[in-house]
Amino acid sequence: MALIALGRYGAADEVLLPAARLTGSVPGRLRPGTDQRYVSLARSALGSSARQRGRYERAAELDAAALAAAGSDLEARADALVGLTADAIGAGDRGLAECRWAALAEVAGTSWRTAVRCGWVAAELSLLSDLPENAADAAYRAVRCAEMAQARRHLAKSLLFYGVSVREVARRQAVAPLFRSAAVILRRAERLAAAVEAFPVWGVACRLRQETLKEVVVTGEAVAQNTYTTIAS
């Protein structure tokens with residue numbers, strides 16, 4: 001997971017593949033009866049690695065395999081379902097994403113980490129459904145949960161989702177101050193991601209902040225023009 005956070009996907013895959021293919025016990029490393037949990041988590045991590053490279057079909061295969069290996073382990077099931085929901089969102093399949101989200105909701109409260117990741121996919125699904133206000137609410141909950149857990153990497157990514165969601169609200173309402181708020185949130189995500197070397201998050205946050213700042217200018221000019229037209233008429 002650390003390698004994935006750094007954007008070193010190939011190296012992460014090399015580490016994960018042996019665990020993902022595990023069929024028996026590993027003496028001295030895993031307790032009896034826990035093998036399948038780690039198989040499932042390794043497959044989910046491989047799915048995340050594929051998904052972050054835009055390989056949604058491959059990610060869905062890995063996440064489905066993770067779910068099959070999870071058994072009754074709630075955290076492993078949640079990881080797999082988060083992945084499957086995100087895969088459907090990435091592929092633009094809203095109906096499938098909603099079905100998987102419904103299944104995920106049943107195991108969403110297993111840990112702070114699951115709660116944060118559920119916030120991410122809830123925000124993504126809301127954006128896909130053209131509900132930016134709902135997305136902002138979900139992303140903010142993820143931010144608060146990550147802050148309470150003092151999980152800096154998760155907080156950086158949560159802030160990224162929050163900033164994007166606020167920007168979409170600003171686009172709908174054409175309100176320049178909201179664009180500025182989104183830019184401030186994305187700047188915080190950018191700085192925190194740099195501090196923890198979460199380079200993929202850092203890169204996206206940098207790009208989106210610059211785009212958002214441009215929209216502040218455009219929106220401000222449009223509002224000024226509308227005001228002038230109203231007064232002149």
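The values are calculated or read from the model by the stated rules, or taken from the named source; none is laboratory data. Since the structure is predicted, the reported quantities are computational estimates derived from the model, not experimental observations. Glycine also receives a Cβ, built like all others from the backbone with ideal geometry; neighbour counts cover every protein chain displayed. Remember, those area values only see protein heavy atoms, side chains included, never the ligands or the DNA or RNA. Shrake-Rupley method; radii C 1.70, N 1.55, O 1.52, S 1.80 Å.
For a paramagnetic label modelled at 7 Å from the Cα of A194 toward its Cβ, which residues of the stretch 1-16 fall within the zone defined by backbone nitrogen distances under 19 Å? Label zone hits: 6-7. Within the accessible surface of the chain, defined with a 1.4 Å probe on protein heavy atoms only, the carbon and sulfur portion equals 55 percent.
Within 10 Å, count the other beta carbons around each residue, average over each peptide in 138-145, 80-87, and list them highest first. Walk me through the intermediate numbers first.
Details: 138-145: 22.0, 80-87: 27.6.
By packing density, highest mean first, the sequence is 80-87, 138-145.
Using a probe of 1.4 angstrom and keeping all protein chains present, the accessible surface of the chain works out to 51 square angstrom per residue. For the chain, a Gaussian network of Cα nodes joined below 10 Å ranks G109, G47, G119 by mean-square fluctuation, and the top entry is G109. Return the FRET efficiency for the residue pair A11, R58: r is the Cβ-Cβ distance, R0 is 22 Å, and the value is rounded to the nearest 0.05. Once the sixth-power term is evaluated, E becomes 0.80. Any idea what % of Cα-Cα pairs in the chain are farther than 34 Å? Within the chain, distances greater than 34 Å cover 20 percent of Cα pairs. Of the residues F199, F179, the one with the largest accessible area comes first in the ranking F199, F179, computed with a 1.4 Å probe on protein heavy atoms.
Extending 7 Å from the Cα toward the beta-carbon at both A105 and R144 defines two label points whose distance is 1.9 nm.
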